[in-house]
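Everything on this sheet refers to the single structure shown next.
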Amino acid sequence: MSDDDEETSVAKKFRIYYGSLEEKEKERLSHEGASSGANDALKAGIKAGNINISSGEVMEMEERVSERQAEVLAEFERRKRARQITVSTDDVEVKACLRALGEPITIFGEGPAERRERYMALAVKRLEAARAHKEIPESTRTIKQQELHKNLRNVNNFCSQIGDDRPISYCQFSPNSKLLVTASWSGLCKLWNVPDCTPIRTLRGHSTNVGAISFHPQATLSLEESDVNLASCAADGSVKLWSLDSDEPVADIEGHSVRVARVAWHPSGRFLGTTCYDHSWRLWDLDVQEEILHQEGHSKGVHDLHFHPDGSLAVTGGLDSFARIWDLRTGRCVMFMEGHIKEIYSVNFSPNGFHVATGSGDNSCKVWDLRRRRCIYTIPAHQNLVSTVKFQPNDGHYLLTGAYDNTAKVWTHPGWSPLKTLAGHEGKVMGLDLSPDGQLIATCSYDRTFKLWMAE
């Protein structure tokens, strides 16, 4: 290559600008002037803002994720949260948990591992629903609470029925809210249609005062009528199991020799708890038909028993004026509730899982907080012995108390202020219940009647 060619190649080189051309373009236009029409148009366009010469800044665009990718990510997050939930590897326990949630215990082609995964996914969904509820604005929740209180103030008696020749000691709605069962001192238990209060069947088997009768958690929902749907207890120590298609007991549970005051089903439906005046309470496994826990601790008779919504704890109330919280996994008392000065006749867990109500012969109802391990409020509820306390079964937004002053009362939760007094019985209110659908309240009395109450 000659020197001339080398000079020519060098002359052809031009400068390359990195970044903004805006300043250079303005400088070039100012030097060249507005001689040509094209330059005039370009200049006018820049001035008008129709032509934008980039300043060299870079905007990073967010990556757009497709719907499918979003679904996959959401599913991954759900599974990640599900793995953080402790679930038993025992397939029998997983089935019991699914049954407690009202879900099918198995689906076609499902093995134990798949069933466990399904249960964990359900648990995550329930947690998400709880978080969603927590995110509802406080004003919205306040409005709903005010509407509920307004309805409760309008509750009135719309049905009264003579249930027996002797005092009616207990009543309970079926899980589908379409039946009511009553227990009487005559030894008879009766099934009634709701809300028309027509009798369906009389259960004959006890020969003395029946203290309580209780529906299985899945009775009228997933159980057959021929299965064990009810359990009852009496003053002679007898405990009987009943189906819905027979007047006679299906089986007897033997082991008690003195008065059994209450029976209560565990949320799983597999276990039955009984309280006895021999200072103890017992837990029975109905699948293997044997006693699995005989728990002592009260210094006098144990009158009432209720299980925690998740089935891990039980609360008992005794004639020694104390209540106790028991851990069913170890059989140990984990909380001792001291405060009443007379016998405790009723105990009940709130659906929130950390509040417990106790009703006593000192005419008061106490509310306890398991998180703080103490009584948080004492309701001077009645003018006589408080026989029954019960939280609203679904949300726990209010509390019901029944007493020997012939009345039942509705109280706000929280706040514990009186909303309504249900007056009408001519004798002691010995029991009460709320229908699972939240529409009805039932009370039963020493005057041999039971009454249904509903908001007008």
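Could you grab me the full set of residues in the range 305-319 that are more than 25 Å from Y404 (Cα to Cα) and either touching a Lys or Arg at 6+ places or on another chain (Cβ under 8 Å) or surrounded by fewer than 22 Cβ atoms within 10 Å (Cβ to Cβ) (or both)?
Of everything in the range 305-319, those that are more than 25 Å from Y404 (Cα to Cα) and either touching a Lys or Arg at 6+ places or on another chain (Cβ under 8 Å) or surrounded by fewer than 22 Cβ atoms within 10 Å (Cβ to Cβ) (or both) turn out to be H308, P309, D310, G311, S312, L313.
Considering the range 337-359 alone, what residues qualify as being of a type in the set (A, V, I, L, M, F, W, C) and more than 24 Å from the chain's Cα centre (by Cα)? Spell out the reasoning first.
Kept after step one, since they are of a type in the set (A, V, I, L, M, F, W, C), are these residues of the range 337-359: 337, 341, 344, 347, 349, 354, 356-357.
Listed by number, the residues that qualify are I341, I344.
Counting only residues that are under 15 Å from E248 (Cα atoms) and open to solvent by 30 Å² or more (accessible area, probe 1.4 Å), give me the strands (runs of 3 or more DSSP E) lying completely in the range 178-219 with at least 2 of them.
On the way: elements: 179-184, 188-193, 199-204, 210-215.
Answer list for the range 178-219: 188-193, 199-204.
Is there any pair linking a residue in the range 379-396 that is in contact (Cβ under 8 Å) with a residue 12 or more places away in the chain to one that is among the acidic types (D, E) and part of a loop (DSSP other than H, G, I, E, B), with Cβ under 6 Å and at least six apart or on different chains, and which?
H382/D405; Q383/D405; N384/D405
Scan the range 256-271 and tell me whether some residue there is among the basic types (K, R), open to solvent by less than 30 Å² (accessible area, probe 1.4 Å) and closer than 25 Å to V367 by Cα.
Yes - at least one qualifying residue is present in the range 256-271.
Do you know which residues across the range 220-260 are outside any loop (DSSP other than H, G, I, E, B) and among the hydroxyl-bearing types (S, T, Y)?
S232
Please verify whether E114 is at pLDDT below 80, among the acidic types (D, E), more than 30 Å from N406 (Cα to Cα) and in a helix (DSSP H, G or I), treating the condition exactly as stated.
Judged against the criteria, E114 is not a match.
Scanning the range 355-382 for residues that are open to solvent by 20 Å² or more (accessible area, probe 1.4 Å) and of a type in the set (S, T, N, Q), which turns out nearest to G402 (Cα to Cα)?
Step by step, filter the range 355-382, then rank; the result is N363.
Might you check whether a residue that is surrounded by fewer than 22 Cβ atoms within 10 Å (Cβ to Cβ), small (G, A, S) and farther than 15 Å from N157 by Cα occurs anywhere in the range 401-410?
No - not one qualifying residue is present in the range 401-410.
Applying the selection to the range 353-379, what residues are at pLDDT 95 or above and assigned to a loop (DSSP other than H, G, I, E, B)?
Across the range 353-379, the qualifying residues are G361, D362, N363, S364.
Quick one: count up the residues across the range 441-456 that are at pLDDT below 95 and either under 11 Å from C159 (Cβ atoms) or open to solvent by 50 Å² or more (accessible area, probe 1.4 Å) (or both). So that I can check it myself, show each step before the final result.
First, pick out the residues of the range 441-456 that are at pLDDT below 95: 454-456.
Imposing the further condition that a residue be either under 11 Å from C159 (Cβ atoms) or open to solvent by 50 Å² or more (accessible area, probe 1.4 Å) (or both) reduces the set to 454, 456.
The qualifying residues number 2.
Is it the case that P175 is open to solvent by 30 Å² or more (accessible area, probe 1.4 Å), in a loop (DSSP other than H, G, I, E, B), within 15 Å of A442 (Cβ to Cβ) and in contact (Cβ under 8 Å) with a residue 12 or more places away in the chain?
yes
I'd like to verify a number: residues in the range 364-412 that are under 25 Å from R141 (Cα atoms), out of contact with any Cys (no Cβ under 8 Å at 6 or more places or on another chain) and of a type in the set (S, T, Y), how many?
3
Looking only at the range 240-255, filter to residues that are aliphatic (A, V, I, L, M) and crowded, with 20+ Cβ neighbours inside 10 Å; which one of those is farthest from R204 (Cα to Cα)?
Only one residue fits best here, namely I253.
Would you point out the residue of the range 310-326, among those that are farther than 17 Å from W368 by Cα and in contact with a Ser or Thr (Cβ under 7 Å, 6 or more places away or on another chain), that is modelled with the lowest pLDDT?
Filtering first and then ranking leaves G311.
Cβ contacts < 9 Å: first residue surrounded by 12 or more Cβ atoms within 10 Å (Cβ to Cβ), restricted to the range 113-142; second residue of a type in the set (D, E), any location; separation 6+ or different chain. Result?
R115/D91; R116/D91; R118/E103; R118/E110; Y119/E103; L122/E103
So is G396 of a type in the set (G, A, S) and either over 23 Å from K150 (Cβ atoms) or open to solvent by 10 Å² or more (accessible area, probe 1.4 Å) (or both) or not? Working first, answer last.
Values: of a type in the set (G, A, S): yes; either over 23 Å from K150 (Cβ atoms) or open to solvent by 10 Å² or more (accessible area, probe 1.4 Å) (or both): no.
No, not satisfied.
I'm told Y345 meets every condition in (1) at pLDDT 95 or above; (2) out of contact with any His (no Cβ under 7 Å at 6 or more places or on another chain) except one. Can you identify the failing condition by its number?
(2)
With respect to the numbered conditions (1) within 30 Å of C444 (Cα to Cα); (2) open to solvent by less than 50 Å² (accessible area, probe 1.4 Å), which one is the sole condition not fulfilled by F158?
Every condition holds for F158 apart from (2).
Determine which single condition G331 fails, assuming it passes every other condition in (1) over 26 Å from Y446 (Cα atoms); (2) within 23 Å of the chain's Cα centre (by Cα); (3) open to solvent by less than 20 Å² (accessible area, probe 1.4 Å).
(2)
Looking only at residues that are over 24 Å from the mean Cα position of the chain (by Cα) and surrounded by fewer than 18 Cβ atoms within 10 Å (Cβ to Cβ) in the range 220-230, which one is nearest to L286 (Cα to Cα)?
D227
Results for (1) open to solvent by 10 Å² or more (accessible area, probe 1.4 Å); (2) assigned to a strand (DSSP E or B); (3) more than 26 Å from F215 (Cβ to Cβ), shown as yes or no for each residue.
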| site | (1), (2), (3) |
| --- | --- |
| H303 | yes, yes, no |
| S321 | yes, no, yes |
| R324 | yes, yes, no |
| G339 | yes, no, yes |
| P351 | yes, no, no |
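The values are calculated or read from the model by the stated rules, or taken from the named source; none is laboratory data. Nothing here was measured: the structure is a model prediction, and the numbers come from that model. A quick note on method: Cβ atoms are made from the backbone with ideal geometry, for glycine too, and the neighbour counts reach across all protein chains shown. These accessible areas exclude ligands, DNA and RNA; they are computed on the full protein's heavy atoms, side chains included. Shrake-Rupley method; radii C 1.70, N 1.55, O 1.52, S 1.80 Å.
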